[in-house]
Each structure stands twice: as C-alpha cells, then as structure tokens.
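Here, each number is a calculation from the coordinates, and none is a lab measurement. Fair warning: this is a prediction, and the values are worked out from it, not measured in the lab. Methodologically, a virtual Cβ is constructed for each residue, glycine included, from the backbone with ideal geometry; neighbour enumeration extends over all protein chains shown.
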Amino acid sequence: MNMKFNLLVVDDEKNIREGLGTSLEMDGYNVLLASNGEEALKILNSKELDLIITDLRMPVLSGQELLKKVISSNPGLPVIVLTGHGTIETAVNAMRDGAYDFLTKPVNLDRLTLLVKRALQGRELATEHKALKAEVERLKSRQKFSRMIGKSSGMMRVMEIIEQVASTKASVLITGESGVGKELVADAVHELSDRKGKAFIKVHCAALSESLLESELFGHEKGAFTGALARKRGRFELAHMGSIFLDEIGEIDQSTQIKILRVLQEKKFERVGGEETVEVDTRIISATNRDLKEEIEKGSFREDLFYRLNVVQIHVPPLRERKEDISLLASSFLEEFSKENNKGVEGFEHKAMTALHSYNWPGNIRELRNCIESAVVMCHGNVITVDDLPPALQDTTDQNCIRICTGSSLAEAEKKIIIETLNSQKGNKSKTAEVLGIGRKTLHRKLAEYELDL
C-alpha cells in the first residue's frame, strides 16, 4: 500500500524546522511545521497526524508538555523527541512518558529516515489490515455468499455459476483439490436455492465404511443386522424437501452407487433390510477431489451415475491459481483467530505477506487457515513477522536472497544489494527505497555515488 503519511515537525529554530521538513518531504511524506508546542496542538486538533517530531526545549509550551498532551489525547500516535547532548537524560525521561524514541542534535538524516519508517510501520500495517477487512466486508455485501471470500477471476466465475444454478433442481458436482472450500460452495448452492430453510444433510463418504455408508444414506429396519435395535431413517430420508451433500463421492463402492443412481432417476429407495419403498424429493450436491472420468476408465465409478451427478459442474480453483485472494483470506483468518485467542494482532509485516504469496499452498485454503492460526498463536507482538510463520513458509524467503561473496568490500556488497533490489522491483526507485529501509534521497545519493544510471 502506498500511503501518504502526515508528519508534524515542531522546533523553535527555523533552520532546523524547515531543514527537517524538506528532508522528510523528499522521503515522500506530507510535512506540517510548528514553531512551538501551542502551534502544534492547534494543528493536532485540526489535522489527522501520523507522527510528531518535536524539540524538547521550546518557548510558550515545551516539548515535554506537548508530549504529555499528545499521549493523553492521542494514544498510539508516535512522538520522536529531539534533544541536545546536554539533555539526553531529559529525553530518556520523555521516553518513559511515552515518546517513541529520541534523536540528538545535530540530527543524522539517515537515522531519522529509518526511525520514522520504523515508527510508522505498525501504523501502516494496521491501516492496511483495516483496509483489507473493509474490502472483505464490501465483497460480502455485494455478493450473496457471506462465507466465501475472493475477488479473483476464478472465484468470481464460481460465484456466477452458483447464482445461476442455485434456484434450479439440477444436481451439482463440485470438483477441486482437497482444502479448496468445496463444502462452502455446497453451502452457498443450498442457501441460495428455494430449499433454503429446509434440511441440508451432509455426508462425508470417505469417513464411512461400505456397510456403514449404505445404512447411513438409506437407513435400516429393525433387525437388519446385528445391533440394528430399531428402525433408523437414512440421510436421504432426513433430507426430504431439502438438499443432501455427498462429499468425496468418488470414494463410494459400486453397490451404493447403484442405489444413489436409482434415487436420482426414480427418487425411490428401500432401507437396508426392508421391503417398503421410500420416496424422497431431495436435491443432490456432490463433491470430489478425484478425476471421476479416470475412475470410470478404471471401472471403479459408474459412468451413468457420473452423468446424473454432473448436470452442472463447479470447479473450485486451487489457491496457487488465485493468489490475489490470499491477502483477503489471510486478513479474514487473522481477525477470526486474533479474537478467538484474545490477542491484539493488527496485521502482517510486508515480508510475511510476501512469504504467504510466494508459497505454493498444496493444502490450499485449509492450509492457509491453519498457518494463520499458528502465526497468531506464536506472534509475540501486534504484527505477524516471517519468524511467526511455519518453517515451510520461511523457506520461501530464501528464494529471493542476494549472494555476497566472502572478501567483498562493504561498498561492493552495498552496490550489489542496490542493483539486485532495483531489478527485483523492476526499476521502481520508491519501492526499492522502501524495501531497503532508506529514504528516496539516500537511494539517489547512493546511485550517484556508485555511478549507477538505473
């Protein structure tokens, strides 16, 4: 996010005040100036500020008094104090009162640039997270899917199909890798259909043995098998006038496939051990992470059942093909787990978010969700860093390392870092300065120093 921060410089010495203002403006900030604490308070009451840099010794209202008033009225607003060498103890006391840090005069401009950037980082990350939260809410309000998050073309296509077919009676087959959110798609199909409010029964076929699955789906009569002490209605019966979701449909055996085919064709079946024919009106939504056409060729899945289930197919793309959704999903999970664990985590360090985007996510959204939960639990501060992420994600950051040979001089190393970073940012000097943690004017000076015409 390219943010334009508002900074206030307060100093009674005009040359210092204006010099610092010019330097900070060259770093890309909006800078306001005040000659004393009273002027600063007037600006603070009329403008939204992101950081204050103030001298300690000033007439009318001192920097110490200004600091106390700022901390009282604007908690969280960082204040950097300036001091002469003779008053460092006073500056230390100011930090005890809530100042972010202090600098001695004459001010080292490179040091000031880094200090300002560091002080604003948490504020920027919190603002970015807030913007992502707002975007998630905006997407949810525009769409009819409260639990589906995404703005990628692949997910927008999924949502379009859901809206188009939900109100029909057509059977729906949802395909996609494990962890992509197939069950959420099934939820959306049911919720947008005329059957909303009626039963929505879910069966995870892979979790049940062959004999148990048949009994679960179609029910059984008393005495049908050992332990069948009473008649039991099956899932199809319970889903009458509603919908049934058969997850991992590719895992079911041939005999159960025949019974499901009959339900689709005739809307009839018999309970296990029974002779009475049960009629049902149930919409079937199924899902699989297998290639059912391959299973048909192997002889393990019936072709006629496939075509009955596959009236409308919705393919959910893997997370690696919809990386523009990662920030939104991560922000949503961060909010959820931060509340759940009573932690005030406000956002992601830029390197951490880059690692999330660089990773391939073989476990898809399920893996991302687990990753963010782990990161929130492991986070020591209010921002998730690369070190808070699982080791597999930390490894992705190594792919962008710059190799410096042993024996290189500091100047050679610095030159190589600048060149490689510029190349990685496609020549964008503002982004390069941001990645390197220096001001734009410092970068321009280094480019001239090393005679780099990039």
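Rounded to the nearest 10 degrees, the inclination of helix 364-378 to the longest alpha-carbon principal axis of the chain is 50 degrees. For GLU163 and LEU238, the FRET efficiency from 1/(1 + (r/R0)^6), where r spans their Cβ atoms and R0 equals 22 Å, is about 0.20. For the pair GLU89 and ASN30 in one chain, pulling the backbone fully straight at 0.36 nm per residue adds 18.2 nm over the alpha carbon distance.
Scaled to the globular estimate 2.2 N^0.38 Å, the Cα spread of the range 299-394, given as radius of gyration, is 1.40. Structure note, pairs LYS169/LYS202; LYS222/LYS293; LYS343/LYS429: Cα-Cα distances above 29 angstrom occur for LYS222/LYS293; LYS343/LYS429. In the range 160-317, a dipole from Cβ-located charges (positive for Lys and Arg, negative for Asp and Glu) runs towards its positive end, and of GLY227, LEU305, LEU213 it is GLY227 whose Cα lies farthest in that direction.
If you take the beta carbon distance between ILE419 and HIS357 as r and set R0 to 25 Å, what does 1/(1 + (r/R0)^6) give as a FRET efficiency, to the nearest 0.05? Computed FRET efficiency for ILE419 and HIS357: 0.60. Applying both filters, DSSP loop and at most 15 other Cβ atoms within 10 Å, to the GluC sites (Glu not before Pro) of the range 35-99 gives GLU48.
Taking only Cα atoms of the range 45-115, what ratio of Rg to Rh do you get with Rh as the Kirkwood inverse-distance radius? Radius of gyration over Kirkwood radius for the range 45-115 works out to 0.95. Straight Cα distances below 15 angstrom link LYS446 to the aspartates and glutamates ASP27, ASP110, GLU412, GLU414, GLU420, GLU434, with same-chain residues fewer than 8 positions distant left out.
Across all Cα pairs in the range 160-317, the calculated P(r) in 5 Å bins from zero up to the longest distance comes to 2, 9, 19, 22, 21, 15, 8, 4, 1, 0 percent per bin. Multiplying the residue separation of ILE404 and GLU38 by 0.36 nm and subtracting their alpha-carbon distance yields 126.6 nm.
How big is the dipole moment of the chain about its Cα centre under a simple scheme where the beta carbon of each Lys and Arg is +1, that of each Asp and Glu is -1, and everything else is neutral? Debye, nearest 20, please.
With only Lys, Arg, Asp and Glu charged at Cβ, the dipole is about 780 debye.
An ellipsoid equivalent to the chain, defined through the eigenvalues of its Cα gyration tensor, has semi-axes of 62, 25, 18 Å when rounded to whole angstrom and sorted largest first. Placing dummy labels 7 Å off each Cα toward the beta-carbon, the span from ALA228 to ARG96 is 8.1 nm.
Scaling against 2.2 N^0.38 Å puts the C-alpha radius of gyration of the range 1-95 at 1.02. Counted over all Cα-Cα pairs of the range 404-449, pairs farther apart than 18 Å make up 24 percent. Label-to-label distance for SER209 and ASN341 is 3.9 nm, based on points extended 7 Å past Cα in the beta-carbon direction.
One chain, two ends: LYS429 and SER153. Fully extended at 0.36 nm per residue, the span grows by 96.3 nm beyond their Cα-Cα distance.
GLN265 sits among other residues whose Cβ lies under 13 Å from its own Cβ, and their net charge, with Lys and Arg +1 and Asp and Glu -1, is +3.
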